[in-house]
Structure formats: C-alpha cells, structure tokens
Amino acid sequence: LVGWEVSADAYALCLAKSHDERISYHLGDALMQCTDCFDLVLALYVFEHVEDYIRFLLEMRRLGDRFVFHIPLDLYAFGLLHTGALRSAREGNGHLHHFTAETALDTLVYAGYKVVDMRFTPSFERAPRRGFRNRTAYALRRNGFRVSAKHTARWLGGVSLLVLAE
C-alpha cells in the first residue's frame, strides 16, 4: 500500500498512525512524482479541495485501473436556504467546490471515468450533536437516510457519495 499526501501536517499524522512496513507514505503530489500504476487508487475526500479539479481527475487516471472516490455532497436544498452552509463547508472543511450526487457523477464521467457502482454514506454520523439544532438535524438525517439516502442527500444534506469507477 502506498499513500501520498500533499499536507505536511496530514503526512505527519499518517506516519504516526502507521506501524505496518507494508504501508509506505510519501509527502508530495502523486500526480507530479508518482510513475507507478496501481490496481486501485483511493481519492477519499480529495478533489473538492483541488483548485483545478477537472485537470486533477484527468491526470489521476494514469495512476490506476480502478478508483474509489468519496465525495461530500455539500449542495442540498435546506443548505442553500441557510446562507452560511456553503461558507461553513469552505471555511471549516476547505472545500473549494461543492457537489450534488448528480454533479459529482457527471464530473467523473466528463473526466473519462466509467462509474461501476455508487452508494450514499452517512457523513452526518461524524457531525457534532450538541445543541438543539444539531440534535434535530441529526435525527432528521438519520431517519431520512433509513428511508431514502438519495432524498436525504438532496434535501437534508450530511451525506457523501462513495463511487467505484474505472
């Protein structure tokens, strides 16, 4: 297993948590420095942070045969009504780009990936539950996700998209 990290702080965390010699980490940009081709490339919560994400996705295709993407779905109906939701995603999480499930999938297809499978994941499970508003949002999302993950992503947010692509 080989990991690449552009953030020195995140790289230090990787090294501190790794005690397996089968895993190697590199500080740097895999697109600039890596010449290997892998069976599976994971890009988990990555391309929403990349300024030129289309170029990034196009160039990343040479790194492997199959890809797993985990993409936060920051664009949802109630979030658009709340004026601070997108600013919070940008300032709190560093997201430069925001997606719905449809725009995330369209982006991958545009960049030449073939979507093999996808599913919604409950990222709201990691959100704080202090205060009435947060507890209420959590309960609505949890119950909504049980009924329809797709509609919860579209209306209530707190959902990410896990995609397997070739």
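The values are calculated or read from the model by the stated rules, or taken from the named source; none is laboratory data. Not measured: the values here are computed from a predicted model. With ideal geometry, Cβ positions are generated from the backbone for all residues, glycine too; neighbour counts draw on all protein chains shown. The accessibility values were calculated without ligands, DNA or RNA, using every heavy atom of the protein model including side chains. Shrake-Rupley method; radii C 1.70, N 1.55, O 1.52, S 1.80 Å.
Taking the chain as the reference, fit the longest principal axis to its C-alpha atoms, fit the long axis of helix 101-110 to the helix C-alpha atoms, and give the angle between the two in degrees, 0 to 90, nearest 10.
Compared with the principal axis, the helix lies near 30 degrees.
Just the number please: accessible area per residue for the chain, 1.4 Å probe, all protein chains included, in Å².
Heavy-atom accessible area per residue stands at 63 Å².
Taking DSSP loops as anything outside H, G, I, E and B, show the longest stretch in the chain free of trypsin sites (Lys or Arg not before Pro) there with at most 13 other beta carbons within 10 Å.
With a cap of 13 other Cβ atoms within 10 Å, the longest stretch comes to 23-113.
Which chymotrypsin sites (Phe, Trp or Tyr not before Pro) in segment 6-64 pass both tests, a DSSP loop state and at most 16 other beta-carbon atoms within 10 Å?
Y45
Once amide H atoms are placed 1.01 Å from N in the peptide plane, what residues at a sequence separation of 5 or more from V2, or on another chain, have their amide H within under 5 Å of its amide H?
Distant-sequence amide H within range of V2: S24.
If you work out Cα Rg over 2.2 N^0.38 Å from the coordinates, which of [x] 1.05; [y] 1.11; [z] 1.19 do you get?
It is the value labelled [y].
For helix 132-147, report the angle its Cα long axis makes with the longest principal axis of the Cα atoms of the chain; keep it between 0 and 90° and round to the nearest 10°.
Roughly 70 degrees between the two axes.
Post the alpha-carbon centroid distance, segment 126-161 to segment 50-75, in whole angstrom.
Their Cα centres are 25 Å away from one another.
Please report the antiparallel percentage of the DSSP beta bridges confined to the chain, to the nearest 5.
Counting only bridges with both partners in the chain, antiparallel ones make up about 55 percent.
Kindly express, to the nearest 10 degrees and within the range 0 to 90, the angle between helix 8-17's C-alpha long axis and the longest C-alpha principal axis of the chain.
90 degrees
What relative contact order, as a whole-number percentage, does segment 1-120 give when Cα pairs under 8 Å and 6 or more residues apart are counted?
21 percent
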